[in-house]
1. Obtain the nm distance between the two label points defined at Y130 and A102 by a simple spin-label model: each point lies 7 Å from its Cα along the Cα-to-C-beta direction.
2. How much length would be gained if the chain were fully extended between T80 and H110, taking 0.36 nm per residue of separation minus their Cα-Cα distance, in nm to one decimal?
3. Taking 0.36 nm per intervening residue step and subtracting the Cα-Cα distance, what contour gain separates E30 from A69 on full extension?
4. So if we plug the beta-carbon distance of R122 and F91 into 1/(1 + (r/R0)^6) with R0 = 35 Å, what FRET efficiency do we get, rounded to 0.05?
5. Taking the Cα centre of each part, how many Å lie between region 29-51 and region 81-114?
6. Pairs of Cα atoms under 8 Å, at least six residues apart: use those to get the relative contact order of region 59-123, whole percent.
Amino acid sequence: EIRSAITYSKDEFQELFGTMTMSARRIPGEIYEDPVCPQYSRFFFPKAAVNENDQWAFVVNDVDDYVQAVMSEMCEQEDTPCRYLDGVLPFEHSSRCRQKYAYKRLLALHPNQKKTYTDAFRFPSCCVCYVKKPSLSARKHEIPVEDMYPISPTDVRRQKERTNMK
């Protein structure tokens, strides 16, 4: 009876089926925070995906009966420096925005047995800022601060001599 009611008024309520929306409304009194790694959100309905064994599988996503939505958060600019950190990090430290992934269980079609089963599939989940520290070997050869900023031609010559001796 419900199925026939949906079919009868399918055109009238078309915008309610098969799509999901996210609210961008702010909560009153909420403090605005700006992410150091900008990202965007997206809902999608995968027809195929890579499982945790690195194998492709068909995901059951029938428009009429079985709908499995996945929400992903993706980096706007992956592998770029994190915002607001330029000039703030200690010497020889750097930052990068990186995409992180999470697994979601979905109903899929088994490739050999032609039956359905559940499997975990990898999807983008968030964008994270990582700070890279200098390696230990780089730290052993640190240049003293006074050698980084020579103040006279003699200091420049001494710095070159010390560098050539090492």
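1. Once both label points are built, they end up 1.9 nm from each other.
2. On the way: separation 30, 0.36 × 30 = 10.80 nm, distance 3.86 nm.
In short, 6.9 nm is gained.
3. Numbers: separation 39, 0.36 × 39 = 14.04 nm, distance 2.84 nm.
Full-extension gain reported as 11.2 nm.
4. Details: r = 37 Å, r/R0 = 1.05.
The computed FRET efficiency comes out at 0.45.
5. Cα centroid to Cα centroid, the span is 11 Å.
6. Values: 71 pairs, mean separation 19.2, N = 65.
Once normalised by length, the contact order is 30 percent.
Only the coordinates and a few stated rules stand behind these numbers; no lab work does. Every value quoted in this text rests on a predicted model; they were computed, and no experiment measured them. All Cβ positions, glycine included, derive from the backbone under ideal geometry; neighbour counts span all protein chains shown.
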